[in-house]
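Here the structure is laid out as structure tokens; the discussion comes afterwards.
The values are calculated or read from the model by the stated rules, or taken from the named source; none is laboratory data. If you're wondering where the values come from, they're calculated on a predicted model, not measured in any experiment. Here the Cβ is made from the backbone with ideal geometry for all residues, glycine too, and neighbour counts use every protein chain on show. The area values use the complete protein model at the heavy-atom level, side chains included, leaving out ligands, DNA and RNA. Shrake-Rupley method; radii C 1.70, N 1.55, O 1.52, S 1.80 Å.
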Amino acid sequence: QVQLVESGGGLVQPGGSLSLSCKVSGVIFRIYTMAWYRQAPGKQRELVADITRSGSSNYADSVKGRFTISRDNAKNTVYLQMNGLKVEDTAVYYCHVQTLTSTTWGQGTQVTVSS
């Protein structure tokens, strides 16, 4: 059974930083693309960033230059470093993996950017 457990959310002031982590179990982590999504109140869930098995990354235009996705295959963990946070980054952030047989989401972690 694939499980994703996120951590690291919280409350931060505009311009601040947060780092999210997603620990993965039940899957051969190193072979799959991992992704972070977010969903703000009243909005659809959107892709924030993803990272392939080889380490190539892709970002939403709204976070380019501010967020960095990375992975540690030895720890079965994917990270999202968020710098220069804006009020509009406020959302629940979800870790995601799509395997050959399933799609799995984490439970989500709240990120709130407010002064």
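What the table shows:
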| read-out | value |
| --- | --- |
| Residues that are in a loop (DSSP other than H, G, I, E, B), within 22 Å of residue 53 (Cβ to Cβ) and open to solvent by 40 Å² or more (accessible area, probe 1.4 Å), drawn from the range 1-16 | 1 |
| Candidate set: the range 71-107, residues that are among the hydroxyl-bearing types (Ser, Thr, Tyr) and without any contact (Cβ under 8 Å) to a residue 60 or more places away in the chain; chosen: the one nearest to residue 18 (Cα to Cα) | 90 |
| Residues of the range 73-115 satisfying the condition of being open to solvent by 40 Å² or more (accessible area, probe 1.4 Å) and in a strand (DSSP E or B) | 79, 81, 98, 103, 105, 110, 112 |
| Answer residue from the range 17-33, given it is among the hydroxyl-bearing types (Ser, Thr, Tyr) and free of Cβ contacts under 8 Å to residues at least 60 places away in the same chain and is surrounded by the fewest Cβ atoms within 10 Å (Cβ to Cβ) among those | 25 |
| Single unsatisfied condition, residue 68 versus (1) more than 20 Å from residue 115 (Cβ to Cβ); (2) hydroxyl-bearing (Ser, Thr, Tyr); (3) touching a residue at least 60 places away in the same chain (Cβ under 8 Å) | (3) |
| Check on residue 41, open to solvent by 50 Å² or more (accessible area, probe 1.4 Å), within 28 Å of residue 115 (Cα to Cα) and at pLDDT below 95 | yes |
| Conditions (1) at pLDDT 95 or above; (2) out of contact with any Gly (no Cβ under 9 Å at 6 or more places or on another chain); (3) of a type in the set (A, V, I, L, M, F, W, C); number of the one not met by residue 18 | (2) |
